[in-house]
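Only one structure is covered here, and it is reproduced in the block below.
The values are calculated or read from the model by the stated rules, or taken from the named source; none is laboratory data. Because the structure is predicted, anything quoted here is derived from the model rather than measured. Please note: Cβ atoms are built from the backbone with ideal geometry, for glycine as well, and neighbour counts cover all protein chains shown.
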Amino acid sequence: MDKELEDYADRAWRGDEPLFAYYKGELRRDGLRRIDDGVWMWAATGNVYVFETADGLVLFDTGDRNTAAALHAAVRARSTAPVVTAVYSHGHIDHVLGLSPFEEEAAERHDPGISVVAHAAVPERFARYRLTAGYNATVNRRQFRAPGITWPTDYREPDRTYLDTLTLRHGDLTMELRHGRGETDDATMAWLPDRRILCCGDFYAWVAPNAGNPQKVRRHVAEWVRALRWMAGLGAEVLLPGHGVPVVGADRVRETLLGSATLLSTLHDGVVAMMNEGCTLDEILHAPLVTPEVSGLLAQPWLRPTYDDPQFIIRTVWRTYGGWYDGDPATVRPAPRADLAAEVAQLAGGASRLAERALDAADRGRLDLAGHLAEWAALSAPEDRDVQRTRADVFGRLAAGTPALMAQGIYTWAQAEAQAKADDVDPWSTMRGGRWAP
């Protein structure tokens, strides 16, 4: 393996260095990074792995649209062989939109066409993306604090799909594909038994599993656990994730995968046990389900909750088994939020009193309460600039107080929206630190 990459991955896994260089794109400045003989990594938003075979090149994932040209140039700096097969780990847009330059080149060179292989659910995902393109643009703008995001509707459909398992052979390369459900329902793992290399897609990505995204379709927690445990039993010596750097060494690979599985299974089983006791969602959300073991795992540098939040994972488990009813009968057919806020404001003595109470709660360290109060105040008096400034203050503090990108995006969006109303400016002008990652 590339010595610089291996040393960096080692420091990251031990917690001696964060993955800032990876996220800033510094690992791809010199093009592809060597993993093994004939195995290369393109360290992008969604990683791409390139396998050289006697038949041509095989890609595991194709990256995103923003780095497609750079990926093509990096591959061609290493090999002029045609790309014969591309495997999608799943249908997220940071993994499936980088193939166009290779297909254009193949047409110009009169090479055989590229065969795209994916799970059978990937075309269904693409169809859903086309149907909900506007919604996906909205939630991704908010999630990643990037007002300029547009959602694609043109996708390279797979030529070959499978249901459970599929073995690909090109030259001396054997790649065993296996379907699993986790962050998505269309996920593929690729095991190279002769190389002891495992491509895991987004089943592992150097963060606590993204199993509870509050703005996206439901994740699959129990099935994710099964996939992680299956992968842990393979004896892989190199784990190639969809995001982040390789995990090197059989012991580390196993610890990483089983740690992720334990985190998810502990939360899953705790939620199910409380549901079986008749507990409401509110009771479950505020129960001590993050055990000392889970806390220890979340403190590991390779499993920190910097993307998702354990409480969001708890909600996913509830959604899986319990539907949308949260146990509060008032939410079955709720009043409009603005009407409820107006009633609360009247009881409190006005929106300004609610806003004052929100700041007081925030100053006391009860940001969870402050968020409710600030939102009620703003809903009851949307034109009150002082109230909007309070809302901006509170949600700014909430954003600063969580490591989870999912929560930060929502809080920061609310902060920017409130600040824009307070200053009477374009709401997008107050959006700070825009980020893009699908």
(message) Can you find a residue that is touching a Leu at 6+ places or on another chain (Cβ under 8 Å) and at positive phi anywhere in the stretch 215-234?
(response) no
(request) Determine which single condition T45 fails, assuming it passes every other condition in (1) more than 30 Å from L19 (Cα to Cα); (2) at pLDDT below 95; (3) in contact with an Asp or Glu (Cβ under 7 Å, 6 or more places away or on another chain). (result) (1)
(message) Looking at the stretch 265-322 only, could you name the residues that are within 22 Å of A400 (Cβ to Cβ) and among the charged types (D, E, K, R)?
(response) R304, D308, D309
(request) Report those strands (runs of 3 or more DSSP E) wholly inside the stretch 162-226 carrying at least 2 residues which are closer than 23 Å to S265 by Cα. (result) 173-180, 187-192, 197-201
(message) Taking the criterion of being more than 27 Å from A211 (Cα to Cα) and not in a helix (DSSP H, G or I), would at least one residue in the stretch 360-370 satisfy it?
(response) yes
(request) Would you mention how many residues in the stretch 351-368 are under 10 Å from V394 (Cα atoms) and either β-branched (V, I, T) or crowded, with 16+ Cβ neighbours inside 10 Å (or both)? (result) 6
(request) Mind listing just one residue for me: the one in the stretch 279-305 that is part of a loop (DSSP other than H, G, I, E, B) and among the hydrophobic types (A, V, I, L, M, F, W, C) and, of those, farthest from the chain's Cα centre (by Cα)? (result) C279
(message) Condition first: β-branched (V, I, T), touching a helix residue (DSSP H, G or I) at 6+ places or on another chain (Cβ under 8 Å) and under 27 Å from R145 (Cα atoms). Can you find one or more residues in the stretch 288-307 that meet it?
(response) yes
(message) Anything in the stretch 17-57 that is closer than 17 Å to P101 by Cβ and over 20 Å from the mean Cα position of the chain (by Cα)? List them, or say none.
(response) R28, G31, L32, W40, V50, G56, L57
(request) Tell me, yes or no, whether the stretch 116-123 has at least one residue that is farther than 17 Å from T184 by Cα and surrounded by fewer than 16 Cβ atoms within 10 Å (Cβ to Cβ). (result) no
(message) Given the condition out of contact with any strand residue (DSSP E or B) (no Cβ under 7 Å at 6 or more places or on another chain), in contact (Cβ under 8 Å) with a residue 24 or more places away in the chain and farther than 30 Å from E183 by Cα, answer yes or no: does some residue in the stretch 407-414 qualify?
(response) no
(message) I need the full set of residues from the stretch 276-301 which are under 21 Å from D368 (Cβ atoms) and acidic (D, E), in order please.
(response) D282, E283
(message) Only one of A70, A107 is assigned by TED's automatic domain parsing to the domain that holds L240 and in contact (Cβ under 8 Å) with a residue 12 or more places away in the chain. Can you tell me which?
(response) A70
(request) Only residues that are more than 14 Å from R28 (Cβ to Cβ) and either of a type in the set (D, E) or crowded, with 23+ Cβ neighbours inside 10 Å (or both): list them for the stretch 62-89, please. (result) T62, V83, A86, V87, Y88, S89
(request) With respect to L303, determine if the residue is outside the structural domain of Q143 (by TED's automatic domain parsing) and modelled with pLDDT of 95 or more. (result) yes
(message) Being in contact with a His (Cβ under 9 Å, 6 or more places away or on another chain) and touching a residue at least 60 places away in the same chain (Cβ under 8 Å) is true for just one of D10, D55, D36. Which residue is that?
(response) D55
